[in-house]
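The values are calculated or read from the model by the stated rules, or taken from the named source; none is laboratory data. What you see is a predicted model; the values in this text were computed from it and never measured. Cβ placement follows ideal geometry from the backbone for every residue including glycine, while neighbour counts extend to all protein chains displayed.
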Amino acid sequence: MSQDGHSDAAAGQPPSDQDAGRGALDAARKEAEENWNKYLRNAAELDNFRKRAARDLDMARKYGAERLAQALLPVRDSLAAGLAAASKADPTVVVQGQQATLRLLDDALAAAGVTEIDPKGEPFDPAQHEALTVVPSDDVEPNSVLEVIQKGYRLHDRLLRAAKVIVARAPGEGSVA
């Protein structure tokens, strides 16, 4: 302290070590508080992001089939109209109506990314075909699909249902175990 009652620092003299320590402590406290506030803001932002992502995922699950459902409604309407008209319509007209309904269904499935697997005459592929039996045949190459019992379907690049097929083998070969 100087004679006039002011501290040495105020008189232009260097601050004491204690004053320097307090200044550094105050600066560190201020920086810690700023960092804590940044952390809280980032944590809140991350929490909001997680909530938004969960909400978006829930909406996608809930309404993801909306396009497919909208595409299937005309098929349902066509089936209902066909059933109502079937009792009093000419059988030829009923068959034509069923064929039109099948085309509507195929269009709806195609719009949703569903494609048909009809492998008749193609080489047997166990990743896409389910062999029900193997029979001798001169008509197609051995290990080829001789007949399709039930067509398979794929959603984009994912197999929905394997095609159920009968596979050809060369005549005279033993049965496959």
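Flag: VAL93 matches the condition of being more than 30 Å from GLY113 (Cα to Cα) and either acidic (Asp, Glu) or modelled with pLDDT of 85 or more (or both). Flag: ALA100 matches the condition of being free of Cβ contacts under 8 Å to residues at least 40 places away in the same chain and within 30 Å of ALA81 (Cα to Cα). Exactly one residue out of ALA81, ALA89, ALA108 is more than 24 Å from ALA162 (Cα to Cα), part of a helix (DSSP H, G or I), out of contact with any Phe, Trp or Tyr (no Cβ under 9 Å at 6 or more places or on another chain) and among the small types (Gly, Ala, Ser): that is ALA81.
Scanning the range 96-127 for residues that are farther than 30 Å from ASP77 by Cβ, surrounded by fewer than 17 Cβ atoms within 10 Å (Cβ to Cβ) and not aliphatic (A, V, I, L, M) yields LYS120, GLY121, PRO123, ASP125, PRO126. Picking from residues in the range 162-172 that are outside any strand (DSSP E or B) and under 17 Å from PRO123 (Cβ atoms), the one that is modelled with the highest pLDDT is ALA162. Residues that are closer than 22 Å to ALA108 by Cβ, touching a residue at least 24 places away in the same chain (Cβ under 8 Å) and in a loop (DSSP other than H, G, I, E, B) within the range 126-161 comprise LYS151, HIS156, listed in sequence order.
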